[in-house]
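Input: a single structure, listed below in structure tokens.
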Amino acid sequence: MKGDQLKRLDSIVPVRTIGLSRRSLTGRVVLDSGGGARFESSLERDWFICLDFDPSVKTIVEQPFSVAYQLEGRTLRYTPDVLVQYCGLGFDEKVIVYEIKPIEELRTSWPKYRRRFTEAVRYCRSQGWRFKIVTENQIRTPLLKNAKFLRKYRGFEEQILFRQQLLYSMRALGRATPQSLLALSYLHEEKRMAALTELWRMVATRELQTNLNVPLTMHSPIWIGEAR
């Protein structure tokens, strides 16, 4: 991605303001970056939570732009739900613009949506971006369940002694599971249970890594992640 495009992405702000509504679920997801993303449905909220646990996500902008389109002689405007800038190791940075819709709504209202989505695809291609529709099939996954479980641990205070012991044992093991790591670290069950909170905090902050796309259990493989 060219430098001027990256600079332009940094300056994008929402073109619509999402306020409180009595007819739908609205609110704001606090992101790990310290920012936030406003949502208009539980499905949007859940997608933002998934994005927040994707280490390749660099930027999230809800309601990023509007495009005009013609329908039955009228000029209408369409605003996609969210723009996401990704950056992965060894890969060029890319941008995907998402529309978040329930499957049933797409089925029943496709004639109404088709024209606006076609225009969004055209606009995104002109910018070197991709346009993608996501539904509950892509959102309501083990990743979402794991992210919801781990989110609360991000705000927990680091327990230094537990962290040091867990890292010491982890280096000895190379790869482990939560159960085997606690078993090597502490002889007594009471200590293991006390250290479990710090273990989940370390997973939530990616200091210990695991595959969050499958159900997270005490038997999930874990390994040392990003250096602090």
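Where a number appears in this text, it was derived from the coordinates with a stated rule and is not lab data. Quick caveat: nothing in here was measured; it's all calculated off a predicted structure. Positions of Cβ are backbone-derived with ideal geometry, glycine not excepted, and every protein chain shown enters the neighbour counts.
Things worth noting here:
- Amide H contacts under 5 Å for GLY27, placed H, 5+ residues apart: PHE39
- Positive-end extreme of charge dipole, the chain - chosen from TRP200, LEU76, LEU161 (charges on Cβ): LEU76
- Residue pairs exceeding 23 angstrom between C-alpha atoms, taken from LYS148/LYS191; LYS58/LYS132; LYS101/LYS145: LYS148/LYS191.
- Length available on full extension from LYS132 to GLU190: 0.36 nm per residue minus the Cα-Cα distance, which gives 16.1 nm.
- Value at 222 nm in deg cm²/dmol, rounded to 500, when DSSP H runs of n ≥ 4 in the chain each add -39,500 (n - 2.57): -13500 deg cm²/dmol
- Over all projection directions, the Cα-based convex hull of segment 154-224 averages an area of 4.3 nm².
- Sites excluded, GluC sites (Glu not before Pro) in DSSP loops with at most 13 other C-beta within 10 Å, longest stretch of the chain: 73-156
- Segment GLU105-THR26, extension gain: residue separation times 0.36 nm, minus the distance between their alpha carbons: 26.6 nm
- Using the alpha carbons alone, the radius of gyration of the chain stands to its Kirkwood radius in an Rg to Rh ratio of 1.06.
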